[in-house]
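Asker: Attaching a single structure in structure tokens format; questions to follow.
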Amino acid sequence: MRLQYLLLFVLSFFGSSLGYAQQTQDTLTALNEILVVKETTKDFIPPKTLEGEQLNRLNSATVADALRYFAGVKIKDYGGMGGIKTVDVRNMGTQQVGVFYNGIQLGNAQNGIVDLGKYSLDNIEAIQLYNGQRSAPLQAAKEYAAASTVYMQTKRPNFTKNQRIQANFQYKMGDIQWTNPAARVALKVNDHINTTISTSYLYSNGHYKFRQKRFNLDGTVAYDTLGHRKNSGIESFRLENSWFGQDQVNSWQVHLYFYQSHRGLPEAIIKKSETTIATEKNNEKQDDKNVVIQGEWKRKVSPLYQWMIKGKFAYDQLHYKSRKTVDFQGDEVTYNPQFDNTYHQQEWYVSAAHLFAITPSWQISLATDLQYNKLNATRLGQETLFSFPERYTFYTVLSTSLDLGKLKVQANLLGTFTEEKVKYNYQAPNRTFFTPSVFLRYNPWDMRDFTLHAFYKHVYRLPTFNDLYYTQLGTAYLKPEYSRQFNLGFTYQYKMSNARLKDIDFTLETYYAQIKDKIIASPTSSMMRWMMSNLGKVEQYGIESQIKTNWEPVKGIWAQLGVTYEYTIAQDLSVTPSGKPSYYGDQIPYTPWHSGSILGGIDYRNWQLNYSFIYVGKRYNGNKNNTVRNELQPWYTHDLSIQKQVQWQKKVMRIRAEANNLANQYYEVVTNFPMPGRNFRLTLSVDL
């Protein structure tokens with residue numbers, strides 16, 4: 001079966017590409033005089049975007065921090081500096097979000113979770129969030145496979161006429177012993193090739209004060225206690241090197257990424273007695289090493305045909321240690337160590353895609369991907385219990401798009417084929433499934449500024465290696481997750497002639513999703529031990545809205561204001577053999593009914609004042625019943641920053657001061673994992 005996948009992939013690319021080249025050899029010779037113009041195709045569903053100056057305005061150090069300001073996005077932050085940070089879009093689950101770095105998905109067959117806290121904004125040019133998928137005419141098959149997608153693009157050099165080198169150095173320092181130096185250098189190799197090198201170091205001891213408040217079943221306060229978070233420190237190092245090339249018919253990029261970290265895994269804060277909170281008893285540590293080499297090559301053969309190939313090799317190593325201290329009737333007994341496990345993951349990935357322009361208004365694309373994942377483990381005293389899983393996945397998608405003037409239509413059919421083998425106890429079945437999707441975009445009344453859009457998408461998610469095989473959390477009998485999404489919305493963009501209000505951008509989305517056998521992962525007292533389960537049926541629907549405006553209230557003063565709001569209902573409609581359970585119709589865990597954000601900024605000469613606000617309403621923890629005891633209170637944060645830019649001897653310096661969580665609110669994103677209160681940061685940046 002694996003050989004069949006490989007042959008299909010090779011034939012789909014080389015057969016089609018070489019066959020076309022043989023038939024059009026004379027035409028290819030004449031293409032040297034063709035000028036390729038940058039693609040300006042609009043997405044059927046406009047993405048949510050943060051880029052350039054918008055990113056610089058945020059009091060955000062990582063991609064996870066920035067994504068919090070998108071409507072429909074929930075960041076699950078498991079406490080402090082060392083806690084992982086994952087993204088959930090429209091409550092579909094973290095594993096249903098495809099995260100792409102420079103056009104290639106960040107894979108993690110081990111747990112399906114991408115820790116966005118690892119990705120610094122120092123080297124990020126733009127972040128885009130697509131509900132459904134992006135509608136680019138030429139993309140890999142995997143880009144069709146997720147319920148939503150996040151695209152991160154690293155900074156590309158932009159040189160002036162006689163410039164050949166650019167450099168930026170910055171140093172950040174702040175509370176919780178937080179220090180973060182970073183550097184980035186860009187070189188112009190020649191008129192067609194550029195390269196960048198980016199590196200950063202991060203350290204924090206992770207110690208901060210927190211407050212924990214809990215209620216009894218009758219709504220009275222059970223306890224309200226202050227404590228100090230420990231074992232949440234982190235020390236990490238990142239190094240990246242990117243190469244970009246482009247000529248009249250080709251564009252390519254190669255990216256090398258290395259990341260290494262040592263962190264404490266913050267544990268759940270649990271009440272120990274009337275006067276004491278138990279915390280950090282296990283002293284869990286995690287070491288990570290990640291190496292990625294990836295590349296992409298696009299070629300426009302003729303106005304009628306173009307192709308793209310992508311490839312990646314990734315190696316991830318996770319070393320987990322736990323030195324557990326057990327308190328038994330007042331006597332502390334220490335087992336040292338309890339766990340000392342190392343997990344090694346490999347991923348090989350290659351993709352080929354073709355785009356055929358049948359007519360000026362009709363395009364057809366075919367993409368095929370082949371992926372191999374392997375997970376090994378060295379587990380102290382438990383080597384024979386691990387399953388050593390391997391998975392081969394073959395994706396193929398046929399897509400067509402039609403431009404009928406006011407109406408644009410795109411339809412896709414994705415086929416996914418998997419083969420899996422394990423060493424012990426359980427053999428996963430081979431799986432084959434097909435998932436269709438349809439996207440529509442309509443411009444009524446000859447108004448380009450107003451568009452209606454809609455989509456339907458069917459998504460299938462296979463359980464990850466963690467879900468199935470980890471003896472600390474996996475269950476080999478989890479079912480795959482199926483979901484169907486429906487979306488209807490509109491966008492309105494208008495340039496104003498008003499002397500003060502310059503432009504307005506408004507988006508409204510309504511959505512409905514039905515999920516069968518939804519996979520839920522809830523943390524226990526340890527970040528390495530989770531509870532995995534299937535919810536038989538979940539239905540959810542909601543509204544997302546976003547408005548962005550630009551102002552010039554007084555000549556010389558510019559202001560920006562953006563507001564988002566989301567309302568969501570996500571109900572657990574699972575039925576057991578004995579009938580409807582007590583939680584039937586309840587809101588699923590960690591899903592608030594109301595949430596929103598505000599982003600504002602004022603520019604005056606070389607000064608910037610920025611303000612941001614995030615609100616997350618009432619929700620319930622990992623227990624299924626919506627009771628008072630399981631309730632998590634709403635939380636909100638106010639962040640403020642001021643920045644001054646100074647030019648000195650052709651050097652640009654920026655000094656920035658930040659106050660985060662200005663109201664010093666004590667809150668929890670995930671139950672029993674408290675977040676820091678008020679904290680401050682200072683940044684010095686120099687452009688050479």
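Asker: Project the alpha carbons of region 130-199 onto their principal axes and report the range along each, largest first, in whole Å.
Answerer: Principal extents (largest minus smallest coordinate, Cα): 45, 38, 15 Å.
Asker: Residue 293 to residue 228: extension gain in nm, 0.36 nm per residue of separation minus the Cα-Cα distance?
Answerer: On the way: separation 65, 0.36 × 65 = 23.40 nm, distance 4.04 nm.
Going from the current span to full extension adds 19.4 nm.
Asker: Residue 423's amide H: which non-local residues (gap 5+, or another chain) put their own amide H closer than 5 Å, with H modeled 1.01 Å from N in plane and none for Pro or chain starts?
Answerer: Close amide H contacts, sequence-distant or interchain: 388.
Asker: Right, something else. Using DSSP to call loops (not H, G, I, E or B), can you name the trypsin sites (Lys or Arg not before Pro) in region 215-276 whose Cβ has at most 16 other Cβ atoms within 10 angstrom?
Answerer: Numbers: sites: 229, 230, 238, 263, 271, 272; in loops: 230, 272.
In loop regions of region 215-276 (DSSP not H, G, I, E or B), the sparsely surrounded trypsin sites (Lys or Arg not before Pro) are 272.
Asker: Pick out, from 163, 207, 147, the residue whose Cα sits farthest towards the positive end of the charge dipole of region 110-239, with +1 on the Cβ of Lys and Arg and -1 on the Cβ of Asp and Glu.
Answerer: 163
Asker: List, in order, the whole-Hz ³J(HN,Hα) value for each residue of region 665-681 obtained from phi through the Karplus relation with A = 6.51, B = -1.76, C = 1.60 and θ = phi - 60°; use x for Gly and Pro.
Answerer: 7, 8, 8, 10, 7, 10, 4, 6, 10, x, 9, x, x, 4, 8, 10, 9
Asker: Mind giving me the nanometre distance, one decimal, between the label points for residue 49 and residue 191, set 7 Å out from Cα along Cα→Cβ?
Answerer: About 2.9 nm, to one decimal.
Asker: Also: Once the piece of chain linking residue 636 and residue 557 is laid out straight, how much longer is it, given 0.36 nm per residue of separation minus the C-alpha distance between them? All intermediate terms of the calculation are to be shown ahead of the outcome.
Answerer: Details: separation 79, 0.36 × 79 = 28.44 nm, distance 2.88 nm.
Between residue 636 and residue 557, full extension yields an extra 25.6 nm.
Asker: For region 455-463, just list the computed ³J(HN,Hα) in residue order, Karplus coefficients 6.51, -1.76 and 1.60, θ = phi - 60°, integers in Hz, with x standing in for Gly and Pro.
Answerer: Computed from phi, the couplings for region 455-463 are 8, 10, 9, 10, 10, 10, 10, 7, x Hz.
Asker: What is the Cα coordinate range of region 167-250 on the first, second and third principal axes, sorted by size from largest, in whole angstrom?
Answerer: Result, largest extent first: 71, 30, 16 Å.
Asker: Quick check on packing: order 176-186, 551-561 by the mean number of other C-beta atoms within 10 Å, highest mean leading. Mind showing how you got there, number by number?
Answerer: Details: 176-186: 17.8, 551-561: 13.5.
Ranking the peptides 176-186, 551-561 by packing returns 176-186, 551-561.
Asker: Turning to a different aspect of this structure: Packing-wise, with mean Cβ within 10 Å as the measure, how do 216-222, 402-408 rank, highest first? Don't skip to the answer; put the middle values down first.
Answerer: Numbers: 216-222: 9.1, 402-408: 13.9.
Averaged packing, sorted descending, gives the order 402-408, 216-222.
Asker: For region 113-235, what does the equivalent ellipsoid look like in terms of its semi-axes, each the square root of 5 times an eigenvalue of the Cα gyration tensor, given largest first in whole Å? Write down the numbers at each step before the final one.
Answerer: Working: eigenvalues 337, 134, 20 Å².
The answer is 41, 26, 10 Å, longest axis first.
Asker: Would you mind checking which residues have amide H under 5 Å from residue 501's amide H? H placed 1.01 Å from N; only 5 or more apart, or other chain.
Answerer: Under 5 Å from the amide H of residue 501 lie the amide H atoms of 552, each far enough along the sequence or on another chain.
Asker: Quick one: Karplus J couplings for region 192-199, per residue in order, coefficients 6.51, -1.76, 1.60, θ = phi - 60°, nearest Hz, x for Gly and Pro?
Answerer: Residue by residue, region 192-199 yields 10, 10, 10, 9, 10, 10, 10, 8 Hz.
Asker: Let me ask you something else. So, for region 150-231, what is the accessible surface per residue at a probe of 1.4 Å, expressed in square angstrom? Before the final figure, lay out each step's value.
Answerer: Details: 4440 Å² over 82 residues.
Per-residue accessible area for region 150-231 comes out at 54 Å².
Asker: Between residue 175 and residue 539, what's the calculated FRET efficiency when r is the beta-carbon distance and R0 is 41 Å? Round to 0.05. Intermediate values should be presented prior to the final figure.
Answerer: Numbers: r = 43 Å, r/R0 = 1.05.
With R0 = 41 Å, the Cβ-Cβ based efficiency is 0.45.
Asker: Whose amide H sits under 5 Å from the amide H of residue 103, counting only residues 5 or more places off or on another chain, with H placed in the peptide plane?
Answerer: It is 152, by chain and number.
Asker: Rounded to the nearest 0.05, what FRET efficiency do residue 500 and residue 663 give with R0 = 30 Å and r taken as the Cβ-Cβ distance? Could you check? Working shown, then result.
Answerer: On the way: r = 30 Å, r/R0 = 1.01.
Efficiency at R0 = 30 Å is approximately 0.50.
Asker: Highest mean first, what order results for 291-300, 146-155, 640-649 on Cβ atoms within 10 Å? Could you put the intermediate results ahead of the total?
Answerer: Details: 291-300: 17.5, 146-155: 21.7, 640-649: 13.1.
Ranking the peptides 291-300, 146-155, 640-649 by packing returns 146-155, 291-300, 640-649.
Asker: Taking the alpha-carbon centroid of each part, what is the distance from region 145-193 to region 90-105 in angstrom?
Answerer: 22 Å
The values are calculated or read from the model by the stated rules, or taken from the named source; none is laboratory data. Remember, predicted model here, so these are calculated numbers, not experimental data. Every residue, glycine as well, gets a Cβ built from its backbone with ideal geometry; the counts of neighbours run over all protein chains shown. Keep in mind that these areas ignore ligands, DNA and RNA; they rest on the heavy atoms of the full protein, side chains included. Shrake-Rupley method; radii C 1.70, N 1.55, O 1.52, S 1.80 Å.
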